[in-house]
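Structure first, then comments.
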Amino acid sequence: LMGIAGAYYATPFGIVDLAVIEDDFFVDEAKLEGDTLDSTSLLGFPVVEGNKVTFRTDDFDLPVCNANTVSLLGDEALTELYHKATGAHLESMEGAAFGMVAKDFGIEAMHVRAVSNFCASHDWDPKKACRMLASVIDGIL
């Protein structure tokens, strides 16, 4: 899987940086109470074990980090809760779901992202991030 992602502000990643995702969390499969986000895994009914999917990370000369898969684009307060819940560096919208399906079919999946924006920001640069991904595809495939 290759695509674009948002970076949490409190991480070392910036616009067009590339990363290989190791663990991708179903972060918003959770109970939100005040400023606490408890994953459905902690509540006894996980989407998958630990509410995360682990991807293959070998064969890459790129930084490795974790990501959150989200269904809701939130404000700074919500993205801070997401970041705090898992410690992930990046945020995407389909990574964990893709990994869960690949695992169900016995496929050892890989997951690479280029940063197109900062989470909770509406200042995106998907074209530049996609060009960065295209520049490394031959080396990855």
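The values are calculated or read from the model by the stated rules, or taken from the named source; none is laboratory data. Predicted, not measured: the structure shown is a model, and the values here were computed from it. For neighbour counting, all protein chains shown are included, and Cβ atoms are generated from backbone atoms with ideal geometry for every residue, glycine included. Accessible surface is based on the protein model in full, side chains and every heavy atom, while ligands, DNA and RNA are left aside. Shrake-Rupley method; radii C 1.70, N 1.55, O 1.52, S 1.80 Å.
Worth a mention:
- For the range 79-98, a residue qualifies if it is assigned to a helix (DSSP H, G or I) and charged (D, E, K, R), and the qualifying residues are Glu80, Lys84.
- Residues satisfying the stated conditions in the range 59-81, i.e. open to solvent by 80 Å² or more (accessible area, probe 1.4 Å) and either at pLDDT below 85 or under 22 Å from Ala102 (Cα atoms) (or both): Asp59, Ser71, Leu72, Leu73
- Test set (1) over 21 Å from Arg131 (Cα atoms); (2) within 11 Å of the chain's Cα centre (by Cα); (3) of a type in the set (Ser, Thr, Tyr) - Thr11 fails condition number: (2)
- Residue count for the range 101-141, restricted to those that are assigned to a loop (DSSP other than H, G, I, E, B), within 15 Å of Phe13 (Cα to Cα), open to solvent by 40 Å² or more (accessible area, probe 1.4 Å) and among the hydrophobic types (A, V, I, L, M, F, W, C): 1.
- Residue that is surrounded by the most Cβ atoms within 10 Å (Cβ to Cβ), among those in the range 36-58 that are without any contact (Cβ under 8 Å) to a residue 24 or more places away in the chain and assigned to a loop (DSSP other than H, G, I, E, B): Ser41
- Candidates Ala30, Ala67, Ala77, Ala85 - the one that is closer than 16 Å to Met2 by Cα and either small (Gly, Ala, Ser) or over 13 Å from the mean Cα position of the chain (by Cα) (or both): Ala67
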